[in-house]
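Peer 1: Structure incoming, see below.
The values are calculated or read from the model by the stated rules, or taken from the named source; none is laboratory data. Since the structure is predicted, the reported quantities are computational estimates derived from the model, not experimental observations. Every residue, glycine among them, receives a Cβ derived from its backbone with ideal geometry; neighbour counts consider all protein chains shown. Only protein heavy atoms, including side chains, enter the accessible area calculation; ligands, DNA and RNA are left aside. Shrake-Rupley method; radii C 1.70, N 1.55, O 1.52, S 1.80 Å.
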Amino acid sequence: MTRVVPETDAGEPVSAGTTATTRSAYRVSVTETTQQQYPGGPRGDGDATGTRSPEYRLAQNSLRGLRHDLFDDAFAYRPLPPRRTDGPFVRRLPARLRSAAQHLPHALVGAVALIALMAGALSSGLPGGDVPALLVGLLCAFPVLATLVRPIGAFWLSLAVTPVVAILGDRGADWPWMPGAFVCHLAVIVIVALRTRPRTAAWMWVLTAAYTFLSDVFFGGSYYYTNSGPMMVTSAFALLVVSLRHVRHTAQQEVTAQQTVTAHERSRRTALEERTTIARELHDVVAHHMSVVAIQAEAAPYRVENPPPELERAFVTIRENAVAALTELRRILGVVRAEDYEAPDAPQPTLADLDALLVNVRGAGLEVEKVLTGAVRELPQGVELSAYRIVQEALSNSLRHAPGASARVEIGYVLGGLGVRVVNGPAPAPNLVKPARHPATTPEGGLRPPSPMGAGHGITGMRERVTMLNGEMTAGATDDGGYEVAVFLPVATVIEGDA
């Protein structure tokens, strides 16, 4: 379209997108022609990327994959790695055989190369004696051996050796794949497909088909028989099997990786949930002590007649710090508290409530006995709460995983700490449990359901509590098929007379 542009300075450039047809030297109006610009280049440009058809882009990507798989660094050095020895069968072998099993793939490739050599030498039919036949056999074996160090280059060597062997061979033999070349090329594409990926296998089959077609059309007129069909069918079937193996192996790796990530996230979430539970429970213990400190600091000056001002200020500071700590504790707890969490009405349990717990466990069907050693003394509430929860969770696991077994709870008050040991025997066989008499059965004859009283997440919750108190814990199966949990919780010893 055309438009009239007001006069401009002679030194001012013409605006972008405007093609000036005339310019006045005497500062008069000029007429200019503008062209509408489209993003991404001119609309009529047939080479623009946005105007390519999906078919063109598919072909372009395919050719790019062909170049990447079979042309870029085709003769790069890629040695065949040794076999892993942690498989279910190899790891059962003796040490010497296990070490030799690492090179089993290399030995198999060498055996296939020997078969190709024999096939090429015995079927060449050359009238010159053994030396020309041996030369043909070596030509057939060399590409197979090359797959050990240069797999892609071995494929090109196999294609290059095939017409040479066909020309040197008997004129009445099969065309274009002589027996030695047939074994050689089939072995090479299978080995290369095992070492690469399915896309590379597909391109090798396409190039093999192209060579076969050109050989039959342009050079196969004087031969009585062509074995192109057997080669293409056999190679297609072999490469299909290898590609399916690749797909299955890749899927297994992805599933294993996903399971590993899921297990890690589950373990991490369980630990975080257990730490949150411990924080909620310890809140009551710490809040109680801080409240007592604040109350005593406020009442202490009234118990002394005419206390000095310095003492009153010290007690005021103690109370203010205790109240501030209690406020911060409640604020932090509010961050980790779940939306559906309700503060317990009753105080947190201690080892004094262990007998009531054992009564409930016996009612659920677990025969349990309690053994107490050492001089019973009062322990910090955090230690007693953790010991109670550990016993509770261990007995819950016994009900869940060993119904019908008996358990034993040992509490030992020792110098420097508290020892807790919970051990249960093996679960009896189902046919040995009498539904009408066994305490773990219902009146209808079935086993009672596991107790829902567990306080945490099994072993993970126990370890979190023990770690919090700088204790030690061991858990594992016993020799008789049962399970044992042993815990030691350290407690600082207070010596009389210490300040």
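Peer 1: Condition first: assigned to a loop (DSSP other than H, G, I, E, B) and open to solvent by less than 80 Å² (accessible area, probe 1.4 Å). Now tell me which residues in the stretch 55-80 satisfy that. Walk me through it before giving the result.
Peer 2: As a first pass, look at the stretch 55-80 and keep what is assigned to a loop (DSSP other than H, G, I, E, B): 71-80.
Listed by number, the residues that qualify are 72, 74, 76, 79, 80.
Peer 1: Next question, about the same structure. I need the full set of residues from the stretch 71-92 which are closer than 30 Å to residue 153 by Cβ and of a type in the set (Asp, Glu), in order please.
Peer 2: Once the filter is applied, which keeps residues that are closer than 30 Å to residue 153 by Cβ and of a type in the set (Asp, Glu), the stretch 71-92 yields 72, 73.
Peer 1: For residue 276, are the conditions met, namely being over 30 Å from residue 206 (Cα atoms) and touching a residue at least 60 places away in the same chain (Cβ under 8 Å)? Explain how you work it out, then say what you get.
Peer 2: On the way: over 30 Å from residue 206 (Cα atoms): yes; touching a residue at least 60 places away in the same chain (Cβ under 8 Å): yes.
In short, yes.
Peer 1: I would also like to ask the following. Would you say residue 425 is at pLDDT below 85 and more than 21 Å from residue 492 (Cβ to Cβ)? Walk me through it before giving the result.
Peer 2: Details: at pLDDT below 85: no; more than 21 Å from residue 492 (Cβ to Cβ): yes.
For residue 425, the condition - at pLDDT below 85 and more than 21 Å from residue 492 (Cβ to Cβ) - is not met.
Peer 1: Looking at 145, 117, 80, 139, can you tell me which residue is within 23 Å of residue 195 (Cα to Cα), modelled with pLDDT of 90 or more and touching a Lys or Arg at 6+ places or on another chain (Cβ under 9 Å)? Break it down stepwise before answering.
Peer 2: Details: 145 fails: touching a Lys or Arg at 6+ places or on another chain (Cβ under 9 Å); 117 fails: touching a Lys or Arg at 6+ places or on another chain (Cβ under 9 Å); 139 fails: touching a Lys or Arg at 6+ places or on another chain (Cβ under 9 Å).
That would be 80, the only listed residue that is within 23 Å of residue 195 (Cα to Cα), modelled with pLDDT of 90 or more and touching a Lys or Arg at 6+ places or on another chain (Cβ under 9 Å).
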